[in-house]
Structures are given as structure tokens and as C-alpha cells.
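A short worksheet on the structure shown next.
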Amino acid sequence: MRSILDKDSEKKKQKQGIVILGIILVLLMVFSTLGYAFYGSLQNQRGGGESVEHNGIEFENQGNGWKFDIDGYEFLTRFNPLEVSNISVVISSSLNEISSDKLYFSSSSLIDLPQSGVSEIAFNLQDFLLRTNLACLDESCEENYPIKNCTDSNIVIFEEDSGFTRIRQEEKCIYVHYAEGEELRATDALIFK
């Protein structure tokens, strides 16, 4: 009799285990579906999933920036071209002219060099450049970087400006003049050009 009761109680425990496992699986499926829906709604609130087309290129909002592809190369910028369209960009250099070459970054004071702008350019153009580096513009520079000039080297020079944000070129130097807090907008305008 004892073995019969043990088999019956064993079958009950087995059925209970199967039911509990089934309930756990159903709850897991329900919560994962709810989580996916909640995540999608957060992405929409942050702007994720939104897209903008400009000059035949589609820019897709990733929530933390805008992703776009050109000729198989992927780029990620903080702003899209419509958000920086009011920034004047007057340069004659093209990516073809600086590709496979070194690109230097400088500022009137390298301490004030906007790292976010440097990083944005270096990240997006890394496939096209030989390398990037910081540079001094004259001998009075206290840092231990090479001294470069606009005649011989491609240099992006960042200058904070109380006026308006704009980008201009003199020889091989591209000057990024930016109002306070506008360095990334200016950098993205340069990338789009």
C-alpha cells in the first residue's frame, strides 16, 4: 500500500511541477511581450525609429543620434542635416582630398579643445583617414604636440565664438567657430558637408 501511495503522490508532484512550469512560461511570454511594447513606446518618446530624408540619404534616429549609410559606410551623428541647416559652411576641401592623409585637431588653447567635436569627427571619418592627432599651431604652445601649419597639413581648428556658429576654410585649415554649447552642431554640419 505504501508503494501505491508513493506512486500517487509522485504523480501529483510531477503534475504540479508541470503546471508550475507552464504558468512560468506563460508569464514569461506575457511579460516579454509587454516589455517589448514598453521599450518600443520609450523609443518613440525619445525619437527612436523616426527617420528623415535629405539629399536622397535616409537618416534614422537611434535615440542617441542619427545613423545613415553612404556607399556602404555607416555614420552616426548627434544631429541630422535639417537640425544644422542654419550653420554656414564655406569650405572647398572634400573628403577625397583629405582621405588617406593625417587630420590634425587644434584650438587656440588645446585645454579648451572640445573633445566631443574631435571624437565625432574622428569616429565618423576613421575609415577614410590615415590617422588623427592633436597639433600645436605655433611655438608658444605649451603641450608636447607637433607644430603644424595651414599650408602643409589638414587641420580642424575649433574656436569658441560669442557670435554665431559657422565654418570656414583658409588653405588646408578648416575653422569651426561655435557659440557656447554648439560645438557638436557645428561638427555635424562639417561632417555633412
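Solvent-accessible area of Ser9, all protein chains in place: 50 Å² (probe radius 1.4 Å, heavy atoms, ligands and nucleic acids excluded).
Counted by Cβ distance under 11 Å from Asp127, the other residues give a net charge of -2, where Lys and Arg count +1 and Asp and Glu count -1.
Please compute the net charge surrounding Ser88, taking Lys and Arg as +1 and Asp and Glu as -1 over other residues with Cβ under 11 Å from its Cβ. My count for the surroundings of Ser88 gives +3. Listed values for the range 65-80 are Karplus-derived 3J(HN,Hα) couplings in whole Hz (6.51 cos²θ - 1.76 cosθ + 1.60, θ = phi - 60°), namely x, 10, 9, 8, 10, 9, 6, x, 9, 9, 10, 9, 10, 6, 10, 9, and x replaces Gly and Pro.
For Ile121, Ile18, what's the largest-to-smallest order of accessible area, 1.4 Å probe? Numbers along the way, then the final one.
Numbers: Ile121 5, Ile18 115 Å².
Correct descending sequence by accessible area is Ile18, Ile121.
The share of accessible area on the range 136-193 that comes from carbon and sulfur is 41 percent, using a 1.4 angstrom probe. In order along the range 95-109, the phi-based Karplus estimate (6.51 cos²θ - 1.76 cosθ + 1.60, θ = phi - 60°) of 3J(HN,Hα) comes to 4, 4, 6, 9, 5, 6, 9, 8, 10, 9, 10, 8, 7, 4, 9 Hz; Gly and Pro are listed as x.
Placing Leu76, Leu129, Leu82 in order of accessible area, with the largest value first and a 1.4 Å probe, yields Leu82, Leu76, Leu129.
Within the same chain, aspartates and glutamates fewer than 8 places from Lys15 are excluded, and of the rest, those with a Cα less than 15 Å from its Cα are Asp6.
Peptide packing for 179-188, 166-175, 95-104 was compared via the average number of neighbouring C-beta atoms within 10 Å per residue; ordered from the highest value, the list is 179-188, 166-175, 95-104. Here the range 117-157 is scanned for amide nitrogen atoms under 12 Å from the site 7 Å beyond the Cα of Tyr73 along Cα-to-Cβ, giving 122-130.
Out of all DSSP beta bridges with both ends in the range 44-179, state the antiparallel percent to the nearest 5. Working shown, then result.
Numbers: 16 of 35 bridges.
So the antiparallel bridges amount to about 45 percent of the total.
Put simply, the amide H of Leu129, placed in the peptide plane, has neighbours under 5 Å in Ser100, leaving out anything fewer than 5 places away on its chain.
The values are calculated or read from the model by the stated rules, or taken from the named source; none is laboratory data. What you see is a predicted model, and the numbers here were worked out from it, not measured in a lab. Backbone-built Cβ (ideal geometry, glycine too); neighbour counts: all protein chains shown. For the accessible areas, the whole protein counts, side chains as well, though only heavy atoms, and no ligand, DNA or RNA atoms are used. Shrake-Rupley method; radii C 1.70, N 1.55, O 1.52, S 1.80 Å.
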